[in-house]
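**Student:** This is the structure I have questions about; it appears just below.
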Amino acid sequence: MRHVLFCLLITPQTLYAGLERYSHLVAADISPAAPAHGEVRVTYLGTNGFQFESGRHALLVDPYFSRINFSRVVLGLPVQPDLHRIDEAMTHLARKVDAIVVTHGHIDHLLDAPLLMRKTEARLIGSRTAIELAERAGAPGSRCDPVTAGDVRHIGPWKIRVLTATHDRLFWVVPFAGEARGAGPPRRAADWVCGEPLAYLIEVAGERIFIDSGGTPAVLPPADLTPVDLAILGVALPDSRARFSAAVRRLRPGYVFPSHQDNFFRPLSAGFEFGPLTDFPGLLRNYERDALPGHLILLDYFRPWTLRRE
């Protein structure tokens, strides 16, 4: 599998991989001013990472700034958060964060969360496996909150509903599947196992945001969520792209952002590049062919966009 993945990393798709050709789809505020009262501002942090702001409150989902090198992942070398990259990214974040919400335990979703908890005083919300991994990596247990589908959390102005999800497959298997093993801190990418994938409905200031990191066609968002103001749907792999149209129809969003499309082995400072396994041109064709509801948008790193109801 490693040889196949290496070949995929150098496919011609990476040669036209920026957002330039889709600039008409990129949503961003003209002014960097803080969101006004009653507004919700969305900032894309790369991979499946987001900051949501409402008034003086902020919520992070899947923040991942370290962007571990591909070779370290596939060769099973030790991995750890990149302090410089995290500090650099934090210049774009709110000073205080109410909570960090994670969809599952892979390194590109959870690795940086324990350190960010200490820097922002945030609590952590995630599956039992994700919480166990985070605590073993140094997250303060008093601020770790394991959740399962059906749970609801109220934190500041945020209402967070926890939903069932699946993880999309790479070559017919979920990468690093299963539950946490061993007792010590996770050392390699393979130690940051998926665990129980979760999706979330986040409600704040009258807006409703659905977010997952991908999935399989067998599991769609619950029918009782609709309509939502913003649907964030991971589309990194074929499974999640195969369910995309059905998920959008189910959610009936005002806006839809196809997430988890960038090359998350590249530093954020290098700029957005579509990942080698993604297929945004095909997804866009299907979106237009199927006449799906909502406005399809793209977001660039650290360029805030204020969600305004249609």
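The values are calculated or read from the model by the stated rules, or taken from the named source; none is laboratory data. Computed from a predicted structure; not experimentally measured. No Cβ is skipped: glycine too gets one built from the backbone with ideal geometry, and neighbour counts run over all protein chains shown.
**Student:** Just for the range 44-70: of the residues that are of a type in the set (Val, Ile, Thr) and assigned to a loop (DSSP other than H, G, I, E, B), which one is surrounded by the most Cβ atoms within 10 Å (Cβ to Cβ)? Break it down stepwise before answering.
**Tutor:** Initial filter on the range 44-70 (of a type in the set (Val, Ile, Thr)): 47, 61, 68.
Subsequent filtering for residues that are assigned to a loop (DSSP other than H, G, I, E, B) retains 47, 68.
On the way: THR47: 25, ILE68: 20.
Of everything passing the filter in the range 44-70, THR47 is surrounded by the most Cβ atoms within 10 Å (Cβ to Cβ).
**Student:** Is there a residue being in a loop (DSSP other than H, G, I, E, B), without any contact (Cβ under 8 Å) to a residue 24 or more places away in the chain and not β-branched (Val, Ile, Thr) anywhere in the range 181-194?
**Tutor:** yes
**Student:** Another one. Output the qualifying pairs, or none if there are none: Cβ atoms under 6 angstrom, residues six or more apart or on different chains, first residue in the range 149-174 and closer than 21 Å to ARG243 by Cα and without any contact (Cβ under 8 Å) to a residue 60 or more places away in the chain, second residue among the β-branched types (Val, Ile, Thr) and not in a loop (DSSP other than H, G, I, E, B).
**Tutor:** Pairs found: ALA149/VAL162; ALA149/THR164.
**Student:** In the range 134-164, what residues are buried (at least 23 other Cβ atoms within 10 Å of the Cβ) and over 18 Å from the mean Cα position of the chain (by Cα)?
**Tutor:** Of everything in the range 134-164, just one residue is buried (at least 23 other Cβ atoms within 10 Å of the Cβ) and over 18 Å from the mean Cα position of the chain (by Cα), namely ALA139.
**Student:** Follow-up question, since we're still on this one. If I ask for residues that are farther than 14 Å from TRP192 by Cβ and more than 17 Å from the chain's Cα centre (by Cα), which ones from the range 165-180 would you list?
**Tutor:** Of all residues in the range 165-180, those farther than 14 Å from TRP192 by Cβ come to 165-166, 168-173.
Scanning the range 165-180 gives LEU170, PHE171, TRP172, VAL173.
**Student:** Also: Read through the list (1) at negative phi; (2) surrounded by fewer than 14 Cβ atoms within 10 Å (Cβ to Cβ); (3) part of a loop (DSSP other than H, G, I, E, B), then give the number of the only condition that SER23 fails.
**Tutor:** Result: SER23 passes all but (3).
**Student:** List the number of the failed condition for HIS167; all other conditions in (1) assigned to a loop (DSSP other than H, G, I, E, B); (2) surrounded by fewer than 19 Cβ atoms within 10 Å (Cβ to Cβ); (3) touching a Cys at 6+ places or on another chain (Cβ under 9 Å) hold.
**Tutor:** (2)
**Student:** Now a separate question. I'd like the residue in the range 95-125 that is crowded, with 24+ Cβ neighbours inside 10 Å and charged (D, E, K, R) and, out of all such residues, is nearest to VAL73 (Cα to Cα).
**Tutor:** Applying the filter and picking the extreme gives ASP108.
**Student:** Is it true that GLU203 is acidic (Asp, Glu) and part of a strand (DSSP E or B)? Don't jump to the end; show me each part of the working.
**Tutor:** Numbers: acidic (Asp, Glu): yes; part of a strand (DSSP E or B): yes.
When the stated conditions are applied, GLU203 passes them.
**Student:** Any idea which of (1) over 17 Å from LEU59 (Cβ atoms); (2) basic (Lys, Arg); (3) in contact with a Phe, Trp or Tyr (Cβ under 9 Å, 6 or more places away or on another chain) is the one ARG188 doesn't satisfy?
**Tutor:** For ARG188, the exception is condition (3).
**Student:** Separate question: Sort through SER245, SER269 and tell me the only one that's small (Gly, Ala, Ser) and either over 21 Å from GLU20 (Cα atoms) or at pLDDT below 95 (or both). Lay out the reasoning, then the answer.
**Tutor:** Details: SER269 fails: either over 21 Å from GLU20 (Cα atoms) or at pLDDT below 95 (or both).
The unique qualifying residue is SER245.
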